[in-house]
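Here is the structure we will look at, set down as structure tokens.
The values are calculated or read from the model by the stated rules, or taken from the named source; none is laboratory data. The model shown is predicted, which means the values in this text are computed figures rather than measured ones. Note: ideal-geometry Cβ built from the backbone for every residue, glycine included; neighbour counts use all protein chains shown.
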């Protein structure tokens, strides 16, 4: 896969999965435009703000004139039903669903031939822990947004999503039960997701559209009942 002279836009590209994706694009020859609330060499800003998205899109179009790849990766905050305020829930949806939609709209007339959009969802779009409502709702929303956009942009832009499971974005290795409970025997790495992004953006994935690919080491396929593998159910009050 060679992406020379291609332009890749990555939200949340200064850390974690987004950083790994941006670095992979750069290694394959693409020009990369990052937006993140963390410091980065291209654009620092909060994608929950409409005016920030507009200024960012204007800069990308002025700098490059086109977009080949849009990676909607920036993660929403996680708050639960017991403590989440209206404002926190609304912001999570703004980051996780509204911003990706609006960036597609802003770039709609500037996508290059053969362009690809990859939305980063989560395995939480299909399963939950308690008190994760804001994050889970946003990830479920972007998963559904993916197939809607795939149909609206059919023939011009391929749109797919990836649902990562547990991805370790720290510098500390995760071992013990947290690793061995995964069917593949380890926790995921940002590179695991970046590799799939590269594939889905390439011509090799030219027949894949509107799809969600779960990359979670097999965790969502693992059925566990009381007594399985040493696990026991404990009633919550």
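In the stretch 46-57, how many are surrounded by fewer than 21 Cβ atoms within 10 Å (Cβ to Cβ), farther than 19 Å from residue 77 by Cα and either free of Cβ contacts under 8 Å to residues at least 24 places away in the same chain or in contact with a strand residue (DSSP E or B) (Cβ under 6 Å, 6 or more places away or on another chain) (or both)?
Result for the stretch 46-57: 2.
Could you grab me the full set of residues in the stretch 191-208 that are touching a strand residue (DSSP E or B) at 6+ places or on another chain (Cβ under 7 Å), buried (at least 20 other Cβ atoms within 10 Å of the Cβ) and more than 21 Å from residue 221 (Cα to Cα)? Walk me through how you get there before you give the answer.
Pass one, the stretch 191-208, residues touching a strand residue (DSSP E or B) at 6+ places or on another chain (Cβ under 7 Å): 192-193, 196-197, 200-201, 208.
So of that shortlist, the ones also buried (at least 20 other Cβ atoms within 10 Å of the Cβ) come out as 192-193, 197, 200-201.
If the condition is that a residue be touching a strand residue (DSSP E or B) at 6+ places or on another chain (Cβ under 7 Å), buried (at least 20 other Cβ atoms within 10 Å of the Cβ) and more than 21 Å from residue 221 (Cα to Cα), then 197, 200, 201 are the ones that fit.
Among the residues of the stretch 155-167, write down those that are surrounded by 18 or more Cβ atoms within 10 Å (Cβ to Cβ) and either more than 22 Å from residue 194 (Cα to Cα) or within 16 Å of the chain's Cα centre (by Cα) (or both). Can you show your working first?
Of the stretch 155-167, the ones surrounded by 18 or more Cβ atoms within 10 Å (Cβ to Cβ) are 157-165, 167.
If the condition is that a residue be surrounded by 18 or more Cβ atoms within 10 Å (Cβ to Cβ) and either more than 22 Å from residue 194 (Cα to Cα) or within 16 Å of the chain's Cα centre (by Cα) (or both), then 158, 159, 160, 161, 162, 163, 164, 165, 167 are the ones that fit.
Condition test on residue 77, is it surrounded by fewer than 21 Cβ atoms within 10 Å (Cβ to Cβ), closer than 20 Å to residue 48 by Cβ and in contact with a helix residue (DSSP H, G or I) (Cβ under 7 Å, 6 or more places away or on another chain)?
Yes; evaluated as a whole, the condition is true for this residue.
Name every residue in the stretch 181-206 that is farther than 20 Å from residue 6 by Cβ and in a loop (DSSP other than H, G, I, E, B), in order of residue number.
Selection gives 181, 182, 183, 184, 185, 186, 187, 189.
This table checks each residue for (1) closer than 19 Å to residue 161 by Cα; (2) at pLDDT 95 or above; (3) in contact with a helix residue (DSSP H, G or I) (Cβ under 9 Å, 6 or more places away or on another chain).
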residue: 11; (1), (2), (3): yes, yes, yes
residue: 17; (1), (2), (3): yes, yes, yes
residue: 21; (1), (2), (3): yes, yes, yes
residue: 25; (1), (2), (3): yes, yes, yes
residue: 40; (1), (2), (3): no, yes, yes
residue: 44; (1), (2), (3): no, yes, no
residue: 49; (1), (2), (3): no, yes, yes
residue: 58; (1), (2), (3): no, yes, yes
residue: 62; (1), (2), (3): no, yes, no
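Look through 170, 152 and report the one residue that is without any contact (Cβ under 8 Å) to a residue 12 or more places away in the chain, exposed (fewer than 13 other Cβ atoms within 10 Å of the Cβ) and within 18 Å of residue 103 (Cα to Cα).
On inspection, the qualifying residue turns out to be 152.
So which residues in the stretch 1-45 are surrounded by fewer than 16 Cβ atoms within 10 Å (Cβ to Cβ), in contact (Cβ under 8 Å) with a residue 24 or more places away in the chain and within 22 Å of residue 91 (Cα to Cα)?
Residues satisfying the conditions are 38, 39.
In the stretch 76-97, how many are touching a residue at least 40 places away in the same chain (Cβ under 8 Å) and part of a helix (DSSP H, G or I)?
Number satisfying all stated conditions: 9.
Looking at the structure I just gave you, is residue 188 farther than 18 Å from residue 208 by Cα, touching a strand residue (DSSP E or B) at 6+ places or on another chain (Cβ under 6 Å) and modelled with pLDDT of 95 or more?
yes
Has the stretch 181-188 got at least one residue that is buried (at least 16 other Cβ atoms within 10 Å of the Cβ) and under 26 Å from residue 30 (Cα atoms)?
yes
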